[in-house]
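Values in this text are rule-based calculations from the coordinates and carry no lab data. Since the model is a prediction, treat every value here as computed from it, not as a measurement. Positions of Cβ are backbone-derived with ideal geometry, glycine not excepted, and every protein chain shown enters the neighbour counts.
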């Protein structure tokens, strides 16, 4: 299973929980579930685990309205909370997918030096890479 799979599962479960709470008439909790989707994707590490713990509390509290949809939504939110607490640190961070460190390219450095107004052939300038000797 890829590292991003639990994040997708958490997002889908939270959207499903939002629908369940909306159907049960608990609109504020439904909106909180939708906001939690964005938070789960944006946060990482310890912050994502704290979000998971908060979701467990919200899921338990939301299930106490007694409506069967609210109970189902509460179970889904608790499941997401447990998932975030258990695997939150291993889930990918936002914007980190597919990024690789760039290799040092002297030609690109020369062009950047020219854009700054420096002489790339002068060793005394900040972008100087080629010697005049």
Residue 39 passes all but one of (1) within 24 Å of residue 93 (Cα to Cα); (2) touching a residue at least 24 places away in the same chain (Cβ under 8 Å); (3) surrounded by 14 or more Cβ atoms within 10 Å (Cβ to Cβ); which number fails? (2)
Given the conditions (1) over 12 Å from residue 73 (Cα atoms); (2) in contact with a helix residue (DSSP H, G or I) (Cβ under 8 Å, 6 or more places away or on another chain), and given that residue 42 satisfies all but one, which numbered condition is not satisfied? (2)
Considering 12, 54, 69, which residue is touching a helix residue (DSSP H, G or I) at 6+ places or on another chain (Cβ under 6 Å) and surrounded by 13 or more Cβ atoms within 10 Å (Cβ to Cβ)? 69
